[in-house]
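Every number here is computed from the coordinates shown, using simple stated rules; none is lab data. What you see is a predicted model, and the numbers here were worked out from it, not measured in a lab. As a convention, Cβ positions derive from the backbone with ideal geometry for all residues, glycine included, and neighbour counts pool all protein chains shown.
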Amino acid sequence: MLPPLSAEAAAFHDTIPWTKEQVEGLTVVSLDPHHYAYMSFSKGGYVAVTAGSGGKFTSPLLGWRLIRGRLFFFDPIGKKLGSELYLVSLTNEILTVRRSDGSLATYKVHPTIASE
């Protein structure tokens with residue numbers, strides 16, 4: 001059973017479903033000048049994250065999962081669903097998501113290098 005939509009995010013009525021093609025291979029860097037965040041989503045369902053501010057950074061390896069168009073992070077060991085990113089818009093240059101608390105986050109999309 002899926003967790004309910006975040007009331008804070010759902011109140012804005014601006015999110016759209018994710019697709020597997022949008023997520024697999026997506027690499028983004030936050031445009032927030034006060035908080036650094038880098039995320040790289042693999043085809044295998046993992047996401048490498050480096051995030052922090054004020055000189056303190058963390059680099060966890062998380063899982064990602066699409067469930068009925070909803071993108072969730074999850075603990076790859078315990079398989080427990082975690083936070084969700086709600087898709088607002090995605091172009092070749094900019095990703096805009098709404099966090100569960102209703103706030104918007106904007107990321108620069110980095111081109112992926114196709115492996116042969």
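Listing for the model above:
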| item | result |
| --- | --- |
| Positive minus negative residues near residue 18 (Lys, Arg vs Asp, Glu; Cβ under 13 Å) | +2 |
| Farthest positive-ward along the chain dipole, Cα basis, beta-carbon charges - from 49, 37, 15 | 49 |
| Percent RCO, i.e. relative contact order, over the chain, from Cα pairs under 8 Å lying at least 6 residues apart | 26 |
| Selection from 5, 25, 111 lying farthest towards where the dipole of the chain points positive, charges on Cβ | 5 |
| Extension gain (nm, one decimal) between residue 81 and residue 50, 0.36 nm per residue minus Cα-Cα | 9.2 nm |
| Lysine pair number, Cα distance threshold 28 Å (strictly under), the chain, separation 8 or more or different chains | 10 |
| Per-bin percent of Cα-Cα distances, the chain [5 Å] | 2, 11, 20, 26, 22, 13, 4, 1, 0 |
| Mean residue ellipticity (222 nm) of the chain, computed from DSSP H runs ≥ 4 via -39,500 (n - 2.57), nearest 500 | -1000 deg cm²/dmol |
| Dipole in debye (nearest 20) - the range 7-110, about Cα centre, beta carbon charges: Lys, Arg +1; Asp, Glu -1 | 320 |
| Assigned charges on the beta-carbon of Lys, Arg, Asp, Glu; the range 52-108 dipole about Cα centre (debye) | 160 |
| Dipole axis of the chain (+1 Lys, Arg; -1 Asp, Glu on Cβ), positive-most option in 66, 85, 95 | 66 |
| Estimated FRET transfer efficiency when R0 is 25 angstrom, pair residue 106-residue 59 (beta carbons, to 0.05) | 0.70 |
